[in-house]
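Asks: The structure's right below; bear with me while I get my questions together.
The values are calculated or read from the model by the stated rules, or taken from the named source; none is laboratory data. Fair warning: this is a prediction, and the values are worked out from it, not measured in the lab. So basically every Cβ, Gly included, is an ideal-geometry build from the backbone, and we count neighbours across all protein chains shown. Side chains are part of the model used for accessible areas, which takes the heavy atoms of the whole protein and leaves out ligands, DNA and RNA. Shrake-Rupley method; radii C 1.70, N 1.55, O 1.52, S 1.80 Å.
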Amino acid sequence: MASTRKPYSPEFRQEMVALVQAGRTPAELAREYEPSASTIRTWVKQAETDAANDAPDATMDAVGDVAEAAADLSDAAADTVSDAADAAVDAVGDATDTATDMADQARASSDDAADAAKQNAEKTQGGIEDLIRRVSDALGIDE
């Protein structure tokens, strides 16, 4: 009665497939190891089919990774734009405050200048009136 052999381990099968992919022929491997060349070719075809079936999943994973990275970049860009807008609003507010302060200072300076001019005018008028009185007194003219 023929004895049944224990199935080959997945690791052994993967090693045979790797050796074929590295350039060894299934016939060489069949002579060196126990499985037949036909069995080794079946394992190689199955590995190629499995790899092809895994490719769409890997592509979808990559697409998902790219989409996630794009979303992260979009969020970062939005944050940067928002921060820049906030900084611009703050700068405009600061400029407005500075302009208001300068206008207030100009008004105060203008008011001070007007007061000084009024005082000078009053002094000048008083001086002219005094001069007229003196000249009138010197000439003997009554007012």
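Asks: Sort 38-51, 110-123 for me by packing, meaning the mean count of neighbouring Cβ atoms within 10 Å per residue, highest on top. All intermediate terms of the calculation are to be shown ahead of the outcome.
Replies: Working: 38-51: 14.6, 110-123: 10.0.
Ranked from most to least packed, the peptides come out as 38-51, 110-123.
Asks: Moving on. Can you work out the Karplus-derived ³J(HN,Hα) for every residue in the stretch 102-116? Use 6.51 cos²θ - 1.76 cosθ + 1.60 with θ = phi - 60°, whole Hz, and x for glycine or proline.
Replies: Working through the residues one at a time gives 5, 5, 4, 5, 5, 4, 5, 5, 5, 4, 4, 5, 5, 4, 5 Hz.
Asks: Moving on. Enter the accessible area per residue of the stretch 103-143 (Å², integer; probe 1.4 Å; all protein chains in place).
Replies: On the way: 3570 Å² over 41 residues.
I get 87 Å² per residue for the stretch 103-143.
Asks: How would TYR8, TYR33 rank on accessible area, largest to smallest, probe 1.4 Å?
Replies: TYR33, TYR8
Asks: I've got another one for you. Calculate the translational D of the stretch 73-143 in whole µm² s⁻¹ from Stokes-Einstein, where the hydrodynamic radius comes from the Kirkwood formula applied to all Cα pairs, the temperature is 25 °C and the viscosity 0.890 mPa s.
Replies: Working: Rh = 17.6 Å.
Diffusion coefficient, whole number: 139 µm²/s.
Asks: Starting from the Cα-Cα distance between THR25 and ALA106, subtract it from 0.36 nm times their residue separation and give me the gain in nm to one decimal.
Replies: Working: separation 81, 0.36 × 81 = 29.16 nm, distance 9.62 nm.
Full extension from THR25 to ALA106 adds 19.5 nm.
Asks: Express in nm, to one decimal, how much length is gained between ALA78 and ALA113 on full extension, taking 0.36 nm for each residue of separation and deducting their alpha carbon distance.
Replies: Between ALA78 and ALA113, full extension yields an extra 7.4 nm.
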